[in-house]
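Shown next, in structure tokens, is the structure this report addresses.
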Amino acid sequence: MDLTDSGSLAVVIAAVLIVAGILGVVIPVLPGLILCWLGVLIWALLTDAGGAKWLVLALSTGIALAGTLIKYLWPGRRLKESGVPNWSLVVGGMLGVIGFFVVPVVGLVLGFVLGIWLAERARLGPGQAWPSTRRALGAVGLSLLIEFAAALAVAVIWLLGVLNA
């Protein structure tokens, strides 16, 4: 692979963005699915992969949009059914951001869990705070799983497009 060739360089840049996007799903600082899609877009615009590159881009766009939509709707519906209010998630998010700066990377998760637990403890009392917090964490985990699956699907579709180009 000659990196002075713009098409080869675009493939490398796209691969780096897609890998960063997949990692971004797990590391909440990076916009995971957006980076994956952006990698496919750069590849489609800057390579001579033929007409199939537009099909790859269209499929990736559809998966990224569907993944983004589903990651908010499905867990959100489960949270409403379980009775966890949005306020608890807001408190969890705020403490997660504070925790990120206090204890880098893991502080985000710790602060989020602590914030939800504190909000639910204030709302429901000590006996019901932890079960409610577990339900909220399950919904967040489902959201991450949906986004991760969509990011992997975008990566696989892109890889198949690169191999067939």
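Coordinate-derived values only; no laboratory data. Just so it is clear, the model here is predicted, and its values are computed rather than measured. As a convention, Cβ positions derive from the backbone with ideal geometry for all residues, glycine included, and neighbour counts pool all protein chains shown.
Using a simple spin-label model with pseudo-atoms 7 Å out from Cα toward Cβ, ARG134 and LEU23 lie 3.4 nm apart. Taken along the Cα-to-beta-carbon direction at a fixed 7 Å, the label points for ALA66 and VAL97 span 3.3 nm. Take the Cα of VAL106, step 7 Å toward its Cβ, do the same at ALA52, and the gap between the two points is 4.5 nm. What residues from the stretch 75-113 fall in the zone where the backbone N is under 16 Å from a label point 7 Å along the Cα-to-C-beta line of ALA149? Taking a point 7 Å out along Cα→Cβ of ALA149, the residues of the stretch 75-113 whose backbone N falls under 16 Å are 75-78.
For the stretch 51-129, the normalised intensity computed at q = 0.11, 0.13, 0.15, 0.28 Å⁻¹ comes to -0.45, -0.57, -0.67, -1.12 (log10 of I(q)/I(0), Debye sum over alpha carbons, equal scatterers, no solvent). Electrostatic bookkeeping for GLU120 treats Lys and Arg as +1 and Asp and Glu as -1; over the other residues with beta carbon under 11 Å from its beta carbon, the sum is +4.
Computed over the chain, the alpha-carbon pair-distance distribution with 5 angstrom bins reads 2, 10, 15, 16, 14, 12, 9, 8, 6, 4, 2, 1, 0, each value a whole percent.
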